[in-house]
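Colleague: After the structure tokens below, expect a handful of questions from me.
The values are calculated or read from the model by the stated rules, or taken from the named source; none is laboratory data. Everything numeric in this text was worked out from a predicted model, so none of it was measured. Every residue, glycine as well, gets a Cβ built from its backbone with ideal geometry; the counts of neighbours run over all protein chains shown. With ligands, DNA and RNA removed, areas are computed over all heavy atoms of the protein, side chains included. Shrake-Rupley method; radii C 1.70, N 1.55, O 1.52, S 1.80 Å.
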Amino acid sequence: MTNALSKETSRRRSRGQVADSADVAIVGAGLGGLVAAVLLARAGLRVQVFDSHYVAGGCATQFSRTGPDGQGGTGHYAFDVGLHYIGDCEEGMIPRILRGAGIEQRFVPMDPEGYDTLLFPELRFRIPVGIDRYRERLLEAFPSERRGIDRYVGLLKAVDRLGRLSEGPKVGRLTASLTALRSLTALRARDATLSEFLDGCTRDPALRAVIAGQSGDYGLPPSEVSALLHAGLAVHYFRGAYYPEGGGQILADRLADALEAAGGQIHLRCGVERIEVDSGRVVGLRTEARRGERHTVRAPAVISNADLRRTFLELLGPAVLPRPAVDAARRWLMGGALFMTFLGVRGSLTEIGLSNTNYWHFDELDSERLYQRLRGVTDRAPSVGAAYYTSASLKDPAGVGHAPPGTSTLELMALVPGEAAAWGLSEADALSWGYKRSEVYRERKAAVEAQLIERAESLFPGLRHRILFKESATPATHTRFTRASDGTGYGLAATPQQFLQNRPGYRGPLGGLYLAGASTRSGHGIVGAMMSGLQAARRVARDFGLAPPRV
């Protein structure tokens, strides 16, 4: 989709007529909400989706900027916000869900010999496609750790079996899944953190660092993340790592187009003020003012794809919810938050040593210490001890629209404190535009941006002098656009206490309320969000007496 068409489409969706009733009203046009909307609209239901952003997609969006093209002119750069790579795109859940929505999408594979490259002082490790190939590479690097490596690989294979069984034919699936789950219980992994599981594998700090090297994909240290979540994420990419042809916005754009083709509506710049409840049951929603007008939409089913904590405590409110649901929402811990710097760079990045891989750059092996350095920091700019570098120009070299001719895009990311206070702001500031005028905020933002560029320059000398355009985003930016608690894109933190059956399901605590998004039982990330939309749609369809969507 070209930039002009995107603006035209966003303008139309920002001005469309809001109907006063629907079969299903959906809060939030992230991938979970869009998947649910398309599947239900294709089943014949009247669906309306509401979002405060100016583009559909939630975290899975791009934004464009005009900047120098390196040839004395200007051009458009398109930067990915949240979709940087996804796994299992041959016959996995992502293409299956898209096909269920009537969409065929091509995916470009990343380097199968090293889609993720881990860089530690005096250690470089490339993560390849395939669990067995990964085991071989671990043994090459740590030949004396065979026993521990095999125990960890056993966990990966058990999780892989469980995932394939749960996605397979329905007949015999429950029995097979329970058998696989019992094998995980025998490994004492079901309620363990990654650190606890690794205590039974190895004490080698370098091996532990390599195993935990993708922790930025969930934003927690080994002592807090669920061992099963970590293993499931690793397995997702062992089935192949990919980038969608056309860029990180393409999935949202195609889902949004499919929804409208099926008769549904998307209302942008039209946030939701509250979810309406009558006699203990959800009956619709009320929008925020758009062009001076608020709308009340009656709907027997409301799916919230919004931040779950805000859904319970603000859009609904403690007065209408059962006390256990309110207490749970107040206890929920959120995942990590990201700082992002977006660069337009002259020439090809291969000229300074980058390739079609994601780079994870660490100052030390002790990831626990790296995370603890960030906790509770509110009196100064965060000190970056690890970062992630990725380029859509390298992942989708035949794609158009990433950067002007003769230039490339590069995204630099680091985990940082997400609380507004860490950026010299209040919670109210983070939901407004005015915070950008805060001198403290601007100073801390500039300091982190400078750290990220300096780190990338240390790995790829010459980068700094090629930078034609730069812009950065903080967790406050993320909160402003997606209204995420604590500026996180990960939803609820994936601790053992907030994983599997301990995570919210797809039915809310009130009749007529359904849940989707990164905080639900399907988990965070692109595939988790899309699966949540599928699961929410299945429950809504059943309650309307319709056949549940199949993929």
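Colleague: If you go through the stretch 513-528 one residue at a time, how many are more than 23 Å from residue 230 (Cα to Cα) and buried (at least 24 other Cβ atoms within 10 Å of the Cβ)? Break it down into steps so the answer makes sense when it comes.
Modeller: Within the stretch 513-528, the subset more than 23 Å from residue 230 (Cα to Cα) is 513-515.
If we keep only those that are buried (at least 24 other Cβ atoms within 10 Å of the Cβ) too, we end up with 514-515.
So the answer is 2.
Colleague: For the stretch 229-291, which strands (runs of 3 or more DSSP E) that fit wholly inside it have 2 or more residues that are open to solvent by 30 Å² or more (accessible area, probe 1.4 Å)?
Modeller: Per the criteria, 272-278, 281-287.
Colleague: Right, something else. If you scan the stretch 153-193, which residues turn out to be at pLDDT below 60, farther than 14 Å from residue 228 by Cα and surrounded by fewer than 16 Cβ atoms within 10 Å (Cβ to Cβ)? Break it down stepwise before answering.
Modeller: Initially, the stretch 153-193 is screened for residues at pLDDT below 60, giving 168-187.
With the extra rule that they be farther than 14 Å from residue 228 by Cα, the set shrinks to 168-179.
If the condition is that a residue be at pLDDT below 60, farther than 14 Å from residue 228 by Cα and surrounded by fewer than 16 Cβ atoms within 10 Å (Cβ to Cβ), then 168, 169, 170, 171, 172, 173, 174, 175, 178, 179 are the ones that fit.
Colleague: Return the residues of the stretch 97-112 that are basic (Lys, Arg) and within 25 Å of residue 133 (Cβ to Cβ); say none if nothing qualifies.
Modeller: Correct list: 106 only.
Colleague: Let me ask another. Looking at the stretch 136-156 only, could you name the residues that are touching an Asp or Glu at 6+ places or on another chain (Cβ under 9 Å) and not acidic (Asp, Glu)?
Modeller: 138, 139, 142, 144, 148, 153
Colleague: On to the next question. So, in the stretch 308-348, how many residues would count as being assigned to a strand (DSSP E or B), under 20 Å from the mean Cα position of the chain (by Cα) and of a type in the set (A, V, I, L, M)?
Modeller: 4
Colleague: Restrict the check to the stretch 309-319 and report whether at least one residue is modelled with pLDDT of 95 or more, among the basic types (Lys, Arg) and open to solvent by 50 Å² or more (accessible area, probe 1.4 Å).
Modeller: Checked the stretch 309-319: at least one residue is modelled with pLDDT of 95 or more, among the basic types (Lys, Arg) and open to solvent by 50 Å² or more (accessible area, probe 1.4 Å).
Colleague: Continuing with this model, one more query. Quick one: residue 70 ticks every box in (1) of a type outside the set (Val, Ile, Thr); (2) open to solvent by less than 10 Å² (accessible area, probe 1.4 Å); (3) in contact with a strand residue (DSSP E or B) (Cβ under 9 Å, 6 or more places away or on another chain) bar one, so which box is it?
Modeller: All conditions pass for residue 70, except number (2).
Colleague: Next question. So for the stretch 19-40 (the condition being within 17 Å of residue 514 (Cβ to Cβ) and charged (D, E, K, R)), does at least one residue qualify? Steps first, answer last, please.
Modeller: Initially, the stretch 19-40 is screened for residues within 17 Å of residue 514 (Cβ to Cβ), giving 22-40.
Next, only the ones that are charged (D, E, K, R) stay: 23.
Within the stretch 19-40, one or more residues are within 17 Å of residue 514 (Cβ to Cβ) and charged (D, E, K, R).
Colleague: Another one. Please identify the pairs in which a residue from the stretch 6-27 that is farther than 17 Å from residue 286 by Cβ has its Cβ atom under 8 Å from the Cβ atom of a residue that is open to solvent by less than 40 Å² (accessible area, probe 1.4 Å) and of a type in the set (Val, Ile, Thr), counting only partners at least 6 apart or on another chain.
Modeller: Short answer, once both residue conditions are applied: 6/55; 10/55; 13/266; 16/266; 23/47.
Colleague: Which residue, of 365, 338, 374, is under 25 Å from residue 471 (Cα atoms), touching a helix residue (DSSP H, G or I) at 6+ places or on another chain (Cβ under 8 Å) and not basic (Lys, Arg)? Give the steps one after another, and end with the answer.
Modeller: On the way: 365 fails: under 25 Å from residue 471 (Cα atoms); 374 fails: touching a helix residue (DSSP H, G or I) at 6+ places or on another chain (Cβ under 8 Å).
Selected residue: 338, the only one of 365, 338, 374 that is under 25 Å from residue 471 (Cα atoms), touching a helix residue (DSSP H, G or I) at 6+ places or on another chain (Cβ under 8 Å) and not basic (Lys, Arg).
Colleague: Before we move on, is residue 42 modelled with pLDDT of 95 or more, open to solvent by 10 Å² or more (accessible area, probe 1.4 Å), more than 24 Å from residue 78 (Cβ to Cβ) and under 26 Å from the mean Cα position of the chain (by Cα)?
Modeller: Taking the combined requirement at face value, the residue satisfies it.
Colleague: For the stretch 489-498, indicate whether the set of residues that are farther than 30 Å from residue 381 by Cα and either of a type in the set (Asp, Glu) or open to solvent by 20 Å² or more (accessible area, probe 1.4 Å) (or both) is non-empty. Step through it out loud before you land on a result.
Modeller: So the first thing to find is which residues in the stretch 489-498 are farther than 30 Å from residue 381 by Cα, and the list is 496-497.
From the residues that got through so far, the ones that are either of a type in the set (Asp, Glu) or open to solvent by 20 Å² or more (accessible area, probe 1.4 Å) (or both) too are 497.
Yes.
Colleague: Now, a different point. Are any of the residues in the stretch 194-216 open to solvent by less than 10 Å² (accessible area, probe 1.4 Å), over 30 Å from residue 13 (Cβ atoms) and free of Cβ contacts under 8 Å to residues at least 40 places away in the same chain?
Modeller: Among the residues of the stretch 194-216, at least one is open to solvent by less than 10 Å² (accessible area, probe 1.4 Å), over 30 Å from residue 13 (Cβ atoms) and free of Cβ contacts under 8 Å to residues at least 40 places away in the same chain, which makes the answer yes.
Colleague: Further, regarding this structure: How about the stretch 137-152: which of its residues are outside any loop (DSSP other than H, G, I, E, B) and open to solvent by less than 90 Å² (accessible area, probe 1.4 Å)?
Modeller: 137, 138, 139, 141, 145, 148, 149, 150, 151, 152
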